[in-house]
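This report concerns only the one structure given below.
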Amino acid sequence: MEDINIRQPQQAQDTGEVVLRFTGSVEKSELREGLRVAGTFRRLRWLAAAGALFIALLGVRVDAEGGSVGIGHVAAAAVYAAVFGLLAPRQIVTHAFRAQQAHDGAACVVDGTGIAAVLDGTDIKRLGWDEMTRYHETPNLYAVAGRTGLKSWRMVLPKRLLTAPDAELLGAVLDSRLRRS
């Protein structure tokens with residue numbers, strides 16, 4: 001295995017020059033995979049299970065003759081779990097896909113200051129390296145996670161949009177700047 005020289009991206013931090021630039025759209029399956037590996041759905045399902053359990057426990061009544069469970073609370077818990085455990089992840093992916101399609105034709109630029117989406121020479125969204133916390137790598141993509149204030153976000157960078165050397169360079173840049181999960 002050859003050594004990858006990651007000094008070039010670190011030098012680019014001082015000058016702000018572009019290290020990588022690629023254009024293309026993210027597919028819905030890639031968004032789903034990126035959000036899944038970043039843990040978005042796992043947290044949502046835990047929240048759905050905890051909320052459903054809480055709702056079901058509200059209907060439990062224990063007295064001297066034994067216990068009883070209110071069927072209405074059990075039904076409400078099942079509906080809550082179905083909505084937040086099954087339907088919400090699909091809605092999140094659909095919303096993210098529509099937001100990405102609104103900026104179709106934007107280029108992704110990775111440079112010394114961070115990662116930016118650029119459309120017609122203007123930054124749509126720029127995320128600095130200090131706002132990014134970790135990244136996940138799969139055979140098909142990189143999923144970068146971060147936090148801006150109280151808002152957490154995920155960014156999906158498909159490897160199919162990059163040439164093999166550029167994908168390795170992006171992996172080296174992410175390794176040098178972020179924690180791998």
**Request:** Kindly list the number of the only condition in (1) modelled with pLDDT of 90 or more; (2) open to solvent by 30 Å² or more (accessible area, probe 1.4 Å) that fails for Tyr142.
**Result:** (2)
**Request:** Go through the residues of region 162-171 one by one and say whether even a single one is among the β-branched types (Val, Ile, Thr) and free of Cβ contacts under 8 Å to residues at least 24 places away in the same chain.
**Result:** yes
**Message:** Regarding region 114-134, can at least one residue be identified that is loosely packed, with under 12 Cβ neighbours inside 10 Å and closer than 19 Å to Leu31 by Cβ?
**Reply:** no
**Request:** Need at least 1 residues that are of a type in the set (Asp, Glu) per element, so show me which strands (runs of 3 or more DSSP E) inside region 120-173 make the cut, counting only ones lying wholly within it.
**Result:** 122-128, 132-137
**Prompt:** Quick check: is even one residue across region 72-89 closer than 30 Å to Gly24 by Cβ and either in contact with a helix residue (DSSP H, G or I) (Cβ under 8 Å, 6 or more places away or on another chain) or polar (S, T, N, Q) (or both)?
**Reply:** yes
**Message:** Please list, ordered by residue number, the helices (runs of 4 or more DSSP H) wholly in region 1-68 having 2 or more residues that are surrounded by fewer than 12 Cβ atoms within 10 Å (Cβ to Cβ) and modelled with pLDDT of 80 or more.
**Reply:** 40-58
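Looking only at region 77-98, which residues are open to solvent by 50 Å² or more (accessible area, probe 1.4 Å) and more than 30 Å from Val60 (Cα to Cα)?
Matches in region 77-98: Arg90, Gln91, Ile92, His95, Arg98.
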**Message:** Consider region 106-117. How many of its residues are more than 14 Å from Val173 (Cα to Cα) and in contact (Cβ under 8 Å) with a residue 24 or more places away in the chain?
**Reply:** 3
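The values are calculated or read from the model by the stated rules, or taken from the named source; none is laboratory data. The structure presented is a predicted model; accordingly, all values stated were derived computationally and were not measured. Every residue, glycine among them, receives a Cβ derived from its backbone with ideal geometry; neighbour counts consider all protein chains shown. For the accessible areas, the whole protein counts, side chains as well, though only heavy atoms, and no ligand, DNA or RNA atoms are used. Shrake-Rupley method; radii C 1.70, N 1.55, O 1.52, S 1.80 Å.
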